[in-house]
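Down below is the structure, laid out as structure tokens.
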Amino acid sequence: MVGLGNPGDRYTGTRHNVGFDVVQAFAEKAAGGPPRLDRLDCRALTGRVKVGGRPVIVARPQTYMNASGESVKGLTAKYDVPLDRLLLVSDDAALPVGAVRLRRAGSSGGQKGLQSVIDCFGTNLIPRLRLGVRGENFQPGEPLDAYVLSRFSKKERPVVDEAIATAVDALSVFVTEGIDAAMNRFNRSPEESAPAS
């Protein structure tokens, strides 16, 4: 389980770091308290948890987003993880804030961390969960690099927190039941997640 983001306090809480936030929350729920994701391994902070009796390595690469693939490839080689059991978690500026999308493969959609991983493995057949970060104040033509390094507004924060909780549940289903079950259950927009009145 690999969350993509940038290391360092200046990036904490930014749109680009929701991958880190999701895997941190996932590890915390699995561990039943604050997890220890503090072992530096293959240039990533890692920890181990169990979900449904299955061991899971949780990682946050410390290479900066654009070089995430180097760390991810090292981890999968070291622990002999097949690509269909790897799940990347990243932000997606093409999706509205709070949207959660799982895919078993596909392009990076311009997300530089995903692209780095795809380039390092030479394939896009890598499962991923993308969490939408495009808010209503995004201006078309605004540089994406600057936008994804901004923080969520007070209005957006509850939506993001709910999406992170949904993503954590999706990761657990991925571990115990696989990508198809997770996709079928969790690929909804924030509006579709609301109960019908």
Practice prompt. Might you check whether a residue that is in contact with a Lys or Arg (Cβ under 6 Å, 6 or more places away or on another chain), farther than 24 Å from PHE186 by Cβ and buried (at least 18 other Cβ atoms within 10 Å of the Cβ) occurs anywhere in the stretch 69-82?
Written response: yes
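Looking for something free of Cβ contacts under 8 Å to residues at least 12 places away in the same chain and part of a helix (DSSP H, G or I) - is there at least one such residue anywhere in the stretch 45-58?
Looking for residues that are free of Cβ contacts under 8 Å to residues at least 12 places away in the same chain and part of a helix (DSSP H, G or I), one finds none in the stretch 45-58, hence no.
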Practice prompt. Look at GLU142 and say whether it is at pLDDT 95 or above and either touching a strand residue (DSSP E or B) at 6+ places or on another chain (Cβ under 8 Å) or charged (D, E, K, R) (or both).
Written response: no
Worksheet item: For the stretch 67-92, how many residues are under 14 Å from the mean Cα position of the chain (by Cα) and part of a loop (DSSP other than H, G, I, E, B)?
Response: 2
Fill in: Among (1) surrounded by fewer than 16 Cβ atoms within 10 Å (Cβ to Cβ); (2) more than 19 Å from LEU171 (Cβ to Cβ) - the single one PRO7 does not satisfy
(1)
Worksheet entry | Test result for VAL22, at pLDDT 95 or above, of a type in the set (Val, Ile, Thr), in contact with a strand residue (DSSP E or B) (Cβ under 8 Å, 6 or more places away or on another chain) and crowded, with 18+ Cβ neighbours inside 10 Å | yes
Response to the item:
Restricted to the stretch 103-135 and to residues being surrounded by fewer than 24 Cβ atoms within 10 Å (Cβ to Cβ) and assigned to a strand (DSSP E or B), the residue nearest to the chain's Cα centre (by Cα) is GLY132
Practice prompt. With the condition kept exactly as written, say whether any residue in the stretch 149-169 is over 15 Å from the mean Cα position of the chain (by Cα), part of a strand (DSSP E or B) and surrounded by fewer than 16 Cβ atoms within 10 Å (Cβ to Cβ).
Written response: yes
Worksheet item: Has the stretch 163-170 got any residue that is acidic (Asp, Glu) and closer than 21 Å to ARG10 by Cα?
Response: no
Worksheet entry | Failed item in (1) under 18 Å from ALA182 (Cβ atoms); (2) within 13 Å of the chain's Cα centre (by Cα), with GLY52 passing the rest | (2)
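Restrict the check to the stretch 27-44 and report whether at least one residue is free of Cβ contacts under 8 Å to residues at least 24 places away in the same chain and buried (at least 18 other Cβ atoms within 10 Å of the Cβ).
Within the stretch 27-44, one or more residues are free of Cβ contacts under 8 Å to residues at least 24 places away in the same chain and buried (at least 18 other Cβ atoms within 10 Å of the Cβ).
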Worksheet entry | Residue list for the stretch 45-60, restricted to those being buried (at least 21 other Cβ atoms within 10 Å of the Cβ) and among the basic types (Lys, Arg) | ARG60
Practice prompt. Inspect all residues belonging to the stretch 84-99 and state whether any of them is at pLDDT 95 or above, crowded, with 16+ Cβ neighbours inside 10 Å and of a type in the set (Asp, Glu).
Written response: yes
Worksheet item: Only one of (1) buried (at least 21 other Cβ atoms within 10 Å of the Cβ); (2) more than 23 Å from ALA163 (Cβ to Cβ); (3) polar (S, T, N, Q) fails for THR63. Which number is that?
Response: (1)
Fill in: Yes/no for GLY178 being crowded, with 21+ Cβ neighbours inside 10 Å, farther than 23 Å from ALA44 by Cβ and small (Gly, Ala, Ser)
no
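The values are calculated or read from the model by the stated rules, or taken from the named source; none is laboratory data. Small disclaimer: the values here were computed from a predicted structure and weren't measured. Virtual Cβ from ideal backbone geometry, glycine too; neighbours counted across all protein chains shown.
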